[in-house]
Amino acid sequence: GQLLHFEDVAMTFPNGTTALSGVDLTVNRGEFVTVVGPSGCGKSTLLRIASGLTPATEGVTQVDTSRIGYVFQDATLLPWRDVQSNVELLAELNGVPKAKRRATAKEAIELVGLSGFEKHLPRTLSGGMKMRTSLARSLTLDPELFLFDEPFGALDEITRERLNDELIKLFTEQQFAGLFITHSVSEAVYLSTKVVVMSGRPGKIVDTFPVEFPFPRD
Ligand code: ADP
Ligand code: ADP
């Protein structure tokens, strides 16, 4: 089944900048789609439209789930809350009772490999651990569609590679569909079942190719 379907989508901002034009994109269940392209080609705009945060100005944008996870490059943790209560935040906002959200958060913390760090404040965590916390927070929503806006872009290469591998594992186990943007071609190919290449201003999709998944590792 298809979770996201865009047809001839265009986006022009109120200031007159056209960020996207003629974008056709489908994300099916079981797919992890990466969108790669240079800075400014409209990748973030595409993701915000997918999330429903920004309506497109033209075209068809169909999203067939309300369970959407969204992870940004900046982990966006609340500095005064520890890992546990940062991870509980979305469930809390959704009115999930305390015992339930505690259990859900515990499970998500385990999934991202942060068990034992529940009481740590964000400022005591490495960049990779902050990103894990942010991932765990989105996982509590049990997303069917997971949107990633260059989540590992600010991390050092070793951390990034480790998180890439863990994300592949999560994707395989949790069975969400992914839409992941990056400006790194190697990261795009490494992570995905399908790579979508964007370029130009306004941004257009210039190529789409399937990737054998899981990519053979050493
Ligand atoms: P990318 O994520 O590929 O770097 P963006 O989607 O952030 O690209 O931006 C695409 C284009 O749209 C850029 O030219 C950017 O300056 C412009 N843009 C993004 N957001 C806005 C906005 N809110 N208002 C006006 N222009 C915007
Ligand atoms: P680019 O020049 O396209 O930005 P890089 O050579 O900097 O590409 O690599 C970008 C990222 O791709 C790496 O930091 C890493 O996260 C990911 N990557 C590439 N190869 C591997 C790999 N074998 N295992 C895990 N991640 C990889």
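The values are calculated or read from the model by the stated rules, or taken from the named source; none is laboratory data. The structure displayed is predicted, hence computed values, not measured ones. Here the Cβ positions follow ideal geometry from the backbone for every residue, glycine too, while neighbour counts run over all protein chains shown. Ligands, DNA and RNA are excluded from the accessible area calculation, which covers all protein heavy atoms including side chains. Shrake-Rupley method; radii C 1.70, N 1.55, O 1.52, S 1.80 Å.
From the protein chains alone at 1.4 Å, what is the descending order of accessible area for 149, 207, largest first? Write down the numbers at each step before the final one.
Details: 149 25, 207 75 Å².
The most accessible residue leads, giving 207, 149.
In 5 Å bins starting at 0, how do the alpha-carbon pair distances of the chain split up by percent?
1, 7, 15, 19, 19, 16, 12, 7, 3, 0
Which angle from 0 to 90°, rounded to the nearest 10, does the C-alpha axis of helix 127-139 make with the longest principal axis of the chain?
Tilt relative to the chain: about 80 degrees.
Against the globular-protein guess of 2.2 N^0.38 Å, express the Cα radius of gyration of region 133-218 as a ratio, rounded to two decimals. Write out the running numbers ahead of the final one.
Values: Rg = 13.3 Å, N = 86, 2.2 N^0.38 = 12.0 Å.
Compactness ratio reported: 1.12.
So, R0 is 22 Å and r is the distance between the beta-carbons of residue 199 and residue 161; what FRET efficiency does that work out to, to 0.05?
Values: r = 26 Å, r/R0 = 1.16.
The formula returns an efficiency of 0.30 here.
How large is ³J(HN,Hα) for each residue in region 119-125, as worked out from phi by the Karplus curve 6.51 cos²θ - 1.76 cosθ + 1.60 (θ = phi - 60°), to whole Hz, x for Gly and Pro?
8, 7, 7, x, 5, 8, 9
Where nothing but the Cβ of Lys and Arg (+1) and of Asp and Glu (-1) is charged, how large is the charge dipole of the chain around its Cα centre, in debye to the nearest 20?
Values: 22 positive and 27 negative charges, 149 e Å.
Approximately 720 debye in magnitude.
Find which of 23, 211, 72 sits farthest along the positive direction of the dipole of the chain, computed with +1 on the beta-carbon of Lys and Arg, -1 on that of Asp and Glu, about the Cα centre.
The one lying farthest along the dipole's positive direction is 72.
State, as an integer percentage, the relative contact order of region 61-218 based on alpha-carbon contacts under 8 Å between residues 6 or more apart.
Details: 217 pairs, mean separation 38.5, N = 158.
The value is 24 percent.
Using bins 5 angstrom wide from zero, how does P(r) for region 35-103 break down, in % of all Cα pairs?
Result returned by the calculation: 3, 12, 17, 19, 16, 14, 11, 5, 2.
What length, rounded to one decimal in nm, is gained on full extension from residue 100 through to residue 18, with 0.36 nm per residue of separation minus their alpha-carbon distance? Mind dumping the intermediate values first?
Values: separation 82, 0.36 × 82 = 29.52 nm, distance 4.42 nm.
Full-extension gain reported as 25.1 nm.
Give the long-range amide H neighbours of residue 4: residues separated by 5 or more places, or on another chain, with amide H under 5 Å away, using H modelled in the peptide plane at 1.01 Å from N.
27, 64
Please sort by residue number the trypsin sites (Lys or Arg not before Pro) in region 119-151 whose DSSP state is loop and whose Cβ has at most 16 other Cβ atoms within 10 Å.
Working: sites: 119, 123, 130, 132, 137; in loops: 119.
Filter output for region 119-151: 119.
Filter the GluC sites (Glu not before Pro) in region 128-218 to those in DSSP coil with at most 13 other Cβ atoms within 10 Å of their Cβ, and list the result. Don't skip to the end; give the middle numbers.
Values: sites: 144, 157, 161, 166, 173, 187, 212; in loops: 144, 212.
Those satisfying the criteria are 212.
Please list the non-local residues whose amide H lies under 5 Å from the amide H of residue 146, H modeled 1.01 Å from N, same-chain partners needing a gap of 5 or more.
Amide H to amide H, under 5 Å and 5 or more residues apart or across chains, residue 146 pairs with 69, 177, 178, 179.
Taking the Cα-to-Cβ direction at residue 80 and at residue 60 and moving 7 Å from each Cα, how far apart do the two end points lie in nm?
4.8 nm
Report the charge-dipole magnitude of region 44-163 in Debye, nearest 20, computed about the Cα centre from +1 at each Lys and Arg Cβ and -1 at each Asp and Glu Cβ. If you can, show how the numbers build up before the last one.
Values: 15 positive and 16 negative charges, 115 e Å.
Computed about the Cα centre, the dipole is about 560 debye.
Percentage of Cα-Cα pair distances in region 1-130 greater than 25 Å, rounded to whole percent? Walk me through the numbers before you get to the answer.
On the way: 3628 of 8385 pairs.
The proportion of pairs with Cα distances above 25 Å equals 43 percent.
Limiting things to C-alpha atoms, what are the Rg and the maximum Cα-Cα separation (Dmax) for region 140-185, in angstroms?
According to the Cα coordinates of region 140-185, Rg and Dmax are 11.0, 30 Å.
Mind scanning 98/169; 98/119; 43/194; 43/169; 169/194; 106/169 and naming the pairs with a C-alpha gap bigger than 20 Å? Intermediate values should be presented prior to the final figure.
Working: 98/169 29 Å; 98/119 17 Å; 43/194 15 Å; 43/169 24 Å; 169/194 17 Å; 106/169 18 Å.
In this structure, 98/169; 43/169 lie more than 20 Å apart at Cα.
How big is the convex hull of the Cα atoms of region 62-188, per residue, in Å³? Before the final figure, lay out each step's value.
Details: hull volume 13.9 nm³, N = 127.
Spread over its residues, the Cα hull of region 62-188 gives 109 Å³ apiece.
Read phi for every residue in region 50-57 and hand back ³J(HN,Hα) as whole Hz from Karplus 6.51 cos²θ - 1.76 cosθ + 1.60, θ = phi - 60°, with x for Gly and Pro.
Karplus-based 3J(HN,Hα) across region 50-57 equals 4, 7, x, 5, 10, x, 6, 8 Hz.
³J(HN,Hα) across region 20-36 via Karplus (A = 6.51, B = -1.76, C = 1.60, θ = phi - 60°), whole Hz, x for Gly/Pro?
Going residue by residue, I get 9, 8, x, 8, 10, 8, 10, 10, 9, 3, x, 9, 10, 9, 9, 10, 10 Hz, with x marking Gly and Pro.
How much of the DSSP beta bridge set in region 97-218 is antiparallel, as a percent to the nearest 5?
Values: 6 of 11 bridges.
Counting only bridges with both partners in region 97-218, antiparallel ones make up about 55 percent.
Take every DSSP beta bridge with both residues inside the chain and express the antiparallel ones as a percent of the total, to the nearest 5. Don't skip to the end; give the middle numbers.
On the way: 18 of 38 bridges.
Rounded to the nearest five, the antiparallel share is 45 percent.
At what distance in nm do the modelled label points of residue 115 and residue 208 sit from each other, each positioned 7 Å from its Cα along Cα→Cβ?
4.0 nm
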